[in-house]
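Undergrad: The structure under discussion is supplied below as structure tokens; questions concerning it will follow.
We did not get these values from a lab; they are worked out from the coordinates using the rules stated. Just so we're clear, the structure is a prediction, and the values are computed from it rather than from any experiment. Reconstructed Cβ throughout: ideal geometry from the backbone, glycine too, with neighbour counts over all protein chains shown.
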Amino acid sequence: MTERFFLVITLVAGLFLIIKLLNNRQLNKVKYTLHGLTSNKEKTPHIIYFWSPQCQQCQNMQKPVIDDLSHKFDCSIKRINIVEDFDIAKKWNVRTVPSTYILNSLDDIMFINNGFKSEKEILTQLEKL
């Protein structure tokens, strides 16, 4: 019985490590592609928002959240249509749309949100910067 318990714990720890490594790989891939997307003369946080015209969740749910945040929080927002700018999305290793990348004022990626995130969730991330 204890052998199974340790096996399960080992598998869970291994899975957690794999997920952590994949996320770090995603962060490392995009660090060199920031130039040109952000112009940080104001030293404010950034939201890089990846969307698609075919994505209903992007249009009906995430876009209004991003629009509201632009009025409520002092940050710059860059909207990238993955259909028109596929190469940028590929360099940023975008897995799904909508995706939002939250960068601090030094252009370090602090949060990656794959899929829809509520205004409250993104605002909480921005406030942590």
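Undergrad: Around Thr96, under 14 Å between beta carbons, what's the net of Lys plus Arg minus Asp minus Glu among the other residues? It would help to have the intermediate numbers written out before the result.
TA: On the way: positive: Lys90, Arg95, Lys117; negative: none.
Counting the neighbours of Thr96, the net charge comes to +3.
Undergrad: Classify segment 32-127 from the C-alpha gyration tensor, please: rounded if a/c falls under 1.5, else prolate or oblate depending on whether a/b exceeds b/c. All intermediate terms of the calculation are to be shown ahead of the outcome.
TA: Values: a/c = 1.72, a/b = 1.10, b/c = 1.56.
In terms of gyration-tensor shape, oblate.
Undergrad: Can you check what the net charge comes to around Tyr49, using other residues whose Cβ is under 9 Å from the Cβ of Tyr49 (Lys, Arg +1; Asp, Glu -1)?
TA: Values: positive: Lys63, Lys78, Arg79; negative: none.
Local net charge: +3.
Undergrad: How would you rank Leu7, Leu69, Leu126, going from fewest to most other Cβ atoms within 10 Å of each one's own Cβ? Don't skip to the end; give the middle numbers.
TA: Values: Leu7 10, Leu69 18, Leu126 21.
Fewest-to-most Cβ neighbours within 10 Å comes out as Leu7, Leu69, Leu126.
Undergrad: Are any of the pairs Lys43/Lys128; Lys90/Lys128; Lys43/Lys117; Lys43/Lys63; Lys72/Lys117 more than 21 Å apart by Cα-Cα distance, and if so, which?
TA: Details: Lys43/Lys128 15 Å; Lys90/Lys128 28 Å; Lys43/Lys117 24 Å; Lys43/Lys63 24 Å; Lys72/Lys117 16 Å.
With Cα atoms farther than 21 Å apart: Lys90/Lys128; Lys43/Lys117; Lys43/Lys63.
Undergrad: May I ask for the net charge around Thr124, where only other residues with Cβ less than 13 Å from the Cβ of Thr124 are counted and Lys, Arg are +1 while Asp, Glu are -1? Mind showing how you got there, number by number?
TA: On the way: positive: Lys72, Lys117, Lys120, Lys128; negative: Glu119, Glu121, Glu127.
That works out to +1.
Undergrad: What ranking do Val94, Val83, Val8, Val65 get, fewest neighbouring Cβ atoms within 10 angstrom at the top?
TA: Values: Val94 23, Val83 13, Val8 10, Val65 20.
By the 10 Å Cβ count, ascending: Val8, Val83, Val65, Val94.
Undergrad: Provide the FRET efficiency to the nearest 0.05 for the Lys90-Glu119 pair, computing r from the beta carbons and using R0 = 30 Å.
TA: The pair Lys90/Glu119 has a calculated efficiency of 0.60.
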